[in-house]
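Chemist: There's a structure below that I have some questions on.
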Amino acid sequence: MAGATRHCLVRFADPEPVKTITISCQTTLSIRQSSHHRYQSCSLSMNGCRGEPRLPMGTVESRTFPAVASPALAMDILKSAISQLKSNPPSFTSGIIRLQVPIEEEIEAIEWLHAQNQLLPRCYFSGRRQINASAGCFIGAHSSISHNLVSVAGVGSAVFFRDLRPFSYSDWRSIKRFLSRECPFIRAYGAIRFDARAEISSEWEDFGSFYFMVPQVEFDELEETSMLAVTLAWDNALSWTWKDAVETLESTMRQVSSNVVKLRNEVSRTFIISSNHVPTKRHWYLAVERALQIINRSSAPLTKVVLARSSRVVTTTDIDPITWLACLKHVEGENAYQFCLQPPDAPAFIGNTPEQLFHRKWLNIISEALAGTRARGGSTALDLQIENDLLSSPKDHLEFTIVRESIRSKLEAVCDMVVVKPQKTIRKLPRVQHLYAQLTGRLRSEDDEFDILSSLHPSPAVCGFPTEEARLLIAETEVFDRGMYAGPVGWFGGGESEFAVGIRSALVEKGLGALFYAGTGIVEGSNPSLEWDELELKTSQFTKLLKLEVPLHEKIENVGTELKS
């Protein structure tokens, strides 16, 4: 398809009705395409093409106001600043401006987001404490995120990027055009599909192949303080003027609440009306046995494939995705990334993932290998016994080695030096423990960030090895759409970017309950029954928040009502 004409929708500032412009451009650059073919001609655009890098934004700037005591006071200052900008608009034909007000009170970003009454689109990303590679323990306080930024919540989109085709170098350039080293808090938050070549199912349709947004209104949770910010983006060449940007921002701000209420670390228990797995347990056994037959063939290159399961639950009352996420954050907040991404008129994609894809700051890059799963023990002695079993397991060692060496080779392709330390250790989370290694390197160029993203995803931890053979087997075997599950989820910044792997995740949809996703690596020696148990363990963080079933008399009443209707 290379060289085919594409039509790119240019969109700014949801959730108001958006202006669109159709622009033809000559590019279909895949996420895996070689860097030698990056620089194809493309009309200045967004949401499908890269935006001409020789035509930067007229201005990219942040303006910080004096600190205030509360979100309400911060909102007043921001409204006043926007009024002043309206009377004295910038002279640039394109730009992005962030206005930010520090708040002396420490407020959790997820609580602010919960107060926004499901204003869409919305996003949330909470960082993870950095891991000391030499000891496999945690150090510092969210040191993987600059400026002591702990969590970010945003509503509305000053700019968003979405398309149905694979995420490309052109798309990456389009996003980077709005970012700057001098404005580290201007970031694009979003996610990319696990497999952009797979058919998109209805529940994932509004996410496209990728979806990134720079929030219009953003709440930043810092270590000891908070910050409220607004962002305006405009570009006359894309038929989105300064006036349009201001008007849509004002509309979003009218819907934003400053009344933040402390969330309880529990959810309203709801009964499950129905639940089902795809595949069923019987079909799971058949799929694993078929994968093992292929792996065990002497002529087959495939050594590992990650098979996944989708579990649908329908509940008596709607699930609040933000409350769920807050509960998961309370349990594993420092040990995992929490995220939420919800485009307009779409379900909420939420997750509580322990796995980092990569973190880049300037030219320095960190990635990690994570594989093998065991439950935590109920006592210190039992926990140590389980740890030793995981460390000595030949099956888990094989799975882990495949992941670690694949990441090492991909980093070495664009880094001057790659260090793996430790070679293998245990990473303990509150409910589970994994085999773990950290890999660090130094990029030759910041442009290599796209190559890192495109080569590290999908990793053997969520796909298999070799990648293409595993991807094809997954496409042949799985009868559901993974969507953004197991894809990159995170943010791009001017001098820094960070992505997690979207595992331990769910898609929550109003009136339809939730879809939980989990996968497990199949290698020589895998047992279908044990792998099913691992799926159950991985989804338990969600299912434990629910009642298992509706009482029998309520089931009968529900069935009777359905028959009458």
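Chemist: Please list, ordered by residue number, the strands (runs of 3 or more DSSP E) wholly in the range 310-403 having 1 or more residues that are closer than 29 Å to Gly441 by Cα and acidic (Asp, Glu).
Modeler: 364-375
Chemist: Could you list, in sequence order, all residues of the range 222-232 that are part of a strand (DSSP E or B) and at pLDDT below 95?
Modeler: Leu222
Chemist: In the range 502-538, how many residues are within 17 Å of the chain's Cα centre (by Cα) and closer than 19 Å to Arg374 by Cβ?
Modeler: Looking only at that region, the number is 4.
Chemist: Yes or no: Glu498 at pLDDT 95 or above, over 29 Å from Gln293 (Cα atoms) and among the acidic types (Asp, Glu)?
Modeler: Criteria met by Glu498.
Chemist: Give the residue that is surrounded by the fewest Cβ atoms within 10 Å (Cβ to Cβ), with candidates limited to residues of the range 495-512 that are in a strand (DSSP E or B) and of a type outside the set (A, V, I, L, M).
Modeler: Top of the filtered list is Glu509.
Chemist: Also, quick follow-up: Looking at the range 221-237, is at least one residue over 19 Å from the mean Cα position of the chain (by Cα), closer than 30 Å to Gly483 by Cβ and hydrophobic (A, V, I, L, M, F, W, C)?
Modeler: yes
Chemist: Inside the range 327-350, can you point out the residues that are at pLDDT 90 or above, crowded, with 18+ Cβ neighbours inside 10 Å and within 21 Å of Gly513 (Cβ to Cβ)?
Modeler: Hits for the range 327-350 are Gln338, Phe339, Cys340, Leu341, Gln342, Pro343, Ala346, Pro347, Ala348, Phe349, Ile350.
Chemist: Within the range 546-555, does at least one residue satisfy the condition of being touching a helix residue (DSSP H, G or I) at 6+ places or on another chain (Cβ under 8 Å), open to solvent by less than 50 Å² (accessible area, probe 1.4 Å), of a type outside the set (Asp, Glu) and modelled with pLDDT of 50 or more?
Modeler: Checking the range 546-555: not a single residue is touching a helix residue (DSSP H, G or I) at 6+ places or on another chain (Cβ under 8 Å), open to solvent by less than 50 Å² (accessible area, probe 1.4 Å), of a type outside the set (Asp, Glu) and modelled with pLDDT of 50 or more.
Chemist: If you take the residues of the range 453-494 that are in a loop (DSSP other than H, G, I, E, B) and aromatic (Phe, Trp, Tyr), which of them is surrounded by the most Cβ atoms within 10 Å (Cβ to Cβ)?
Modeler: Tyr485
Chemist: Which one is nearest to the chain's Cα centre (by Cα), of the residues in the range 266-294 that are open to solvent by less than 90 Å² (accessible area, probe 1.4 Å) and modelled with pLDDT under 95?
Modeler: So, considering only residues that are open to solvent by less than 90 Å² (accessible area, probe 1.4 Å) and modelled with pLDDT under 95, the one nearest to the chain's Cα centre (by Cα) is Val267.
Chemist: Now a separate question. Residues that are of a type in the set (A, V, I, L, M), closer than 26 Å to Glu104 by Cα and surrounded by fewer than 24 Cβ atoms within 10 Å (Cβ to Cβ): does the range 150-171 have at least one?
Modeler: yes
Chemist: Could you list all residues from the range 176-195 that are more than 16 Å from the chain's Cα centre (by Cα) and either open to solvent by 10 Å² or more (accessible area, probe 1.4 Å) or within 29 Å of Glu334 (Cβ to Cβ) (or both)?
Modeler: Across the range 176-195, the qualifying residues are Lys176, Arg177, Leu179, Ser180, Arg181, Glu182, Cys183, Pro184, Phe185, Ile186.
Chemist: Here is a list of conditions, (1) outside any strand (DSSP E or B); (2) at pLDDT 95 or above; (3) of a type in the set (A, V, I, L, M, F, W, C), and Ile96 meets all of them except one; can you say which number that is?
Modeler: The single condition Ile96 does not satisfy is (1).
Chemist: Is there a residue in the range 200-215 that is among the acidic types (Asp, Glu) and assigned to a strand (DSSP E or B)?
Modeler: no
Chemist: Considering each residue of the range 274-301, count those that are closer than 18 Å to Thr543 by Cβ, free of Cβ contacts under 8 Å to residues at least 60 places away in the same chain and of a type outside the set (S, T, N, Q), and give that number.
Modeler: Here the count works out to 1.
Chemist: Quick check on the range 422-435. Is at least one of its residues of a type in the set (S, T, N, Q), without any contact (Cβ under 8 Å) to a residue 40 or more places away in the chain and open to solvent by 60 Å² or more (accessible area, probe 1.4 Å)?
Modeler: As a first pass, look at the range 422-435 and keep what is of a type in the set (S, T, N, Q): 423, 425, 433.
Of the ones still in play, those that are also without any contact (Cβ under 8 Å) to a residue 40 or more places away in the chain are 423.
Now narrow it down to the ones that are open to solvent by 60 Å² or more (accessible area, probe 1.4 Å): 423.
Looking for residues that are of a type in the set (S, T, N, Q), without any contact (Cβ under 8 Å) to a residue 40 or more places away in the chain and open to solvent by 60 Å² or more (accessible area, probe 1.4 Å), one finds at least one in the range 422-435, hence yes.
The values are calculated or read from the model by the stated rules, or taken from the named source; none is laboratory data. These numbers were taken from a predicted model, which means no experiment stands behind them. Positions of Cβ are generated from backbone atoms using ideal geometry, with glycine treated the same way; all protein chains shown enter the neighbour counts. These area figures cover heavy atoms from the full protein model, side chains too; ligands, DNA and RNA do not enter into them. Shrake-Rupley method; radii C 1.70, N 1.55, O 1.52, S 1.80 Å.
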